[in-house]
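The values are calculated or read from the model by the stated rules, or taken from the named source; none is laboratory data. Please read all numbers here as calculations on a predicted model, not as lab measurements. As a convention, Cβ positions derive from the backbone with ideal geometry for all residues, glycine included, and neighbour counts pool all protein chains shown. All accessible areas refer to the heavy atoms of the entire protein, side chains included, with ligands and DNA or RNA removed. Shrake-Rupley method; radii C 1.70, N 1.55, O 1.52, S 1.80 Å.
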Amino acid sequence: LPPQPGATSAPLPPQPGATSARPQQQQRLPRGDSPLGAGCCLAPDTGRGGRSPPPAPGPLVRPGWVGSGRAGPAMEVAVLCGLSAVLMLLSAAACSLGRPLSGPATALVLLGALHLFRYPPVPPELAHRVLRPCGRVSIIAHRGAGYDAPENTLAALKQAAENNATGVEIDVEFTSDGVPILMHDDTVDRTTDGTGSLVHLTFEDVRKLDPAAKHRLHKKYLGEKVPTLREALVEVLKTNMTIYFDVKGHAAQASTALKEMFKEFPELYNRSIVCSFEPMVIFKMRQADQKVITALTHRPWSLSFYGTGKPKYDGYKQYVYMFLDVVLDWSHHAFLWKLLGVSAFLMQKNFISSDYARFWAERGVDVIAWTVNYADEKRYYENILQCHYITDTLIETCSPP
């Protein structure tokens, strides 16, 4: 759809070597001392296997395309238009197969079914209480604040609580024998002293590894073990922190495991949010338990570009994935959030503006920025945008070089 008056046009995808622009409202803060040296450049996480600079900022879809008025009819029109467009493609496919009458009929049935059987969000007052437990912006420790302590360990969770984090984000993965553990990657290579994929490692194998081995403060955290999901919950529930489950995949397996955790620890309904890049994970979680608060995680151009701006593919395949990125981004903003009934939207920080935050606020959805590491950035997101943010560190007060 063409942008409405006053809306900004969508930017081009990030180019190789592009650097992220900092918000104009920010003021440069003193750098201070840091173990990393002057500037202590903490790069945000942009993928499963490491850290790299973010792409150039600017959302793929600006709020102006659905109008800037109040939520209500405009929102419903956007949702129905999104579903209609998808179903028109199905209709065209049916017509191309020589069944012109089955196409419109299928489209109408599916359109009605999708709108009728969408999952309603949890009550807004509950979501607000969980997302803003102190009545203000939440500061969330990314993997337990992986710069301050080894990520996804019990030590990191304890350290985050000591550093007054409002919430803590933990990554949920599975070993080959089905044990849910805290691990970001699908391999153990980056964070431990071992090698191999989790699909080939049992829990007994993983338990022998040292998750602090490659951390800058590894000597301080001797004897750490990769924790199970249950062990992590027991530790966090001793504190006042909100838990953000970042589910990496395994939709059916993860929803079953989390449902069991919610049964064992019912206080999680008032203390946690299930998040994922994969809409199917959220769908299965809402299907398993509609009382669970959920959120979608997203980074535009993630299918076709790395976080550095480098294309993932060569030739025509790159353009195919760029088109899929546009469709995916549009789907997230047009109807997936409504269909799944999410209460929050986790967006890569460079794509968030005041207009973008307002877009979601009009729809009753909180925006959470990731990953915000510098002092001036934190002030901008907290004080100017009034936006929750996820950070790798709760103790460093440095600025980019």
>> Exactly one condition in (1) farther than 13 Å from V172 by Cβ; (2) buried (at least 21 other Cβ atoms within 10 Å of the Cβ) is false for N270; which is it?
In response: (2)
> Of the residues that make up the stretch 317-339, is at least one crowded, with 21+ Cβ neighbours inside 10 Å and touching a Lys or Arg at 6+ places or on another chain (Cβ under 6 Å)?
Replying inline: yes
> Of (1) open to solvent by 10 Å² or more (accessible area, probe 1.4 Å); (2) of a type in the set (S, T, Y); (3) touching a strand residue (DSSP E or B) at 6+ places or on another chain (Cβ under 8 Å), S354 satisfies all except one. Which?
Replying inline: (3)
> Among (1) over 22 Å from R129 (Cβ atoms); (2) out of contact with any strand residue (DSSP E or B) (no Cβ under 7 Å at 6 or more places or on another chain); (3) open to solvent by less than 70 Å² (accessible area, probe 1.4 Å), which single condition is E278 missing?
Replying inline: (3)
>> Condition first: over 25 Å from E260 (Cβ atoms), under 19 Å from the mean Cα position of the chain (by Cα) and not in a loop (DSSP other than H, G, I, E, B). Now tell me which residues in the stretch 129-186 satisfy that.
In response: I139, H142
> Does the stretch 304-316 hold any residues that are part of a loop (DSSP other than H, G, I, E, B) and open to solvent by less than 60 Å² (accessible area, probe 1.4 Å), and which are they?
Replying inline: S304, G307, T308, G309, G315
